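Working notes, structure below.
The values are calculated or read from the model by the stated rules, or taken from the named source; none is laboratory data. Predicted model, so just to flag it, every value in this text is computed and none were measured. Positions of Cβ are backbone-derived with ideal geometry, glycine not excepted, and every protein chain shown enters the neighbour counts. Ligands, DNA and RNA are excluded from the accessible area calculation, which covers all protein heavy atoms including side chains. Shrake-Rupley method; radii C 1.70, N 1.55, O 1.52, S 1.80 Å.
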Amino acid sequence: MSETTKQLELIENRIMDGLKDFQQATVNRIDQLFRTGQRRILVSDEVGLGKTLIARGIIAKMARFSQEEGDKFFKTVYICSNATIASQNLQRLRITSDARTENASLSRLSMQHLNIFKQENNVELEKRFIQLIPLTPDTSFRMTAGTGTVAERALMFALLRRLPELHTYVNELEVAMKDRAFCSWDSWCKDRYEREVCECDEKCNHRYL
């Protein structure tokens, strides 16, 4: 048994010991269903009966199962109504201090491809093993004024400008992507995402681009 597996087993036992009998029964039932091939499970209960604690127990069990299966990372995507509640509950779902918790404000769906490639080549994240990723309607889906965020557009520009079909339209493309974010685009955003795209592509042996 690896050292990581031993640690995850200790964490699982500690968390399960802190649950009430009916919460333990729910966690064990979900674990059983998952191991026999069921992938969609809905837990529905009254307010105050500990659904977040049940989720904590499930994360502990699934983290150990994932590690035993040979996965490099164990990722939990937490969908919540707003970023404030997400930040509060993520701390409760963080079963170990080594678990990495992503910032809810950086969880735009349109930017997750860059994050995924960066994570796959992140030695520090691999050591932590557990990752909690929040998604909220506001940060993940909100259309803002209809043009998205300046960070989204800067990342899109860094990718689109490399398409052969757009080589003769790079200036026009930049005008469209900059929109009205003149200050942030020119001072940091454009250069930051150009740099991140290049660094990510280099680290993953050019699979990203």
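The one condition from (1) assigned to a helix (DSSP H, G or I); (2) among the hydroxyl-bearing types (Ser, Thr, Tyr); (3) more than 14 Å from GLN131 (Cα to Cα) that SER81 does not meet is (1).
Out of the residues in segment 155-166 meeting the condition of being part of a helix (DSSP H, G or I), among the aliphatic types (A, V, I, L, M) and without any contact (Cβ under 8 Å) to a residue 40 or more places away in the chain, tell me which one is nearest to ASP191 (Cα to Cα). Per the stated criteria, the residue is ALA158. Of all residues in segment 54-80, those satisfying the criterion of being of a type in the set (Lys, Arg) and crowded, with 19+ Cβ neighbours inside 10 Å are ARG56, LYS61, ARG64. For ILE15, state whether it is open to solvent by less than 30 Å² (accessible area, probe 1.4 Å), β-branched (Val, Ile, Thr) and in a helix (DSSP H, G or I). Yes: the conditions hold for ILE15. Scanning segment 29-53 for residues that are in a helix (DSSP H, G or I) and surrounded by 15 or more Cβ atoms within 10 Å (Cβ to Cβ) yields a total of 5.
Looking only at segment 43-60, decide whether some residue is under 15 Å from the mean Cα position of the chain (by Cα), among the basic types (Lys, Arg) and at pLDDT 80 or above. No, segment 43-60 has no match at all. Once segment 97-115 is narrowed to residues that are surrounded by 16 or more Cβ atoms within 10 Å (Cβ to Cβ) and not in a helix (DSSP H, G or I), the residue that is modelled with the highest pLDDT is ALA99. Note on segment 167-208: among residues that are open to solvent by 100 Å² or more (accessible area, probe 1.4 Å) and part of a loop (DSSP other than H, G, I, E, B), the one that is nearest to VAL150 (Cα to Cα) is ARG180.
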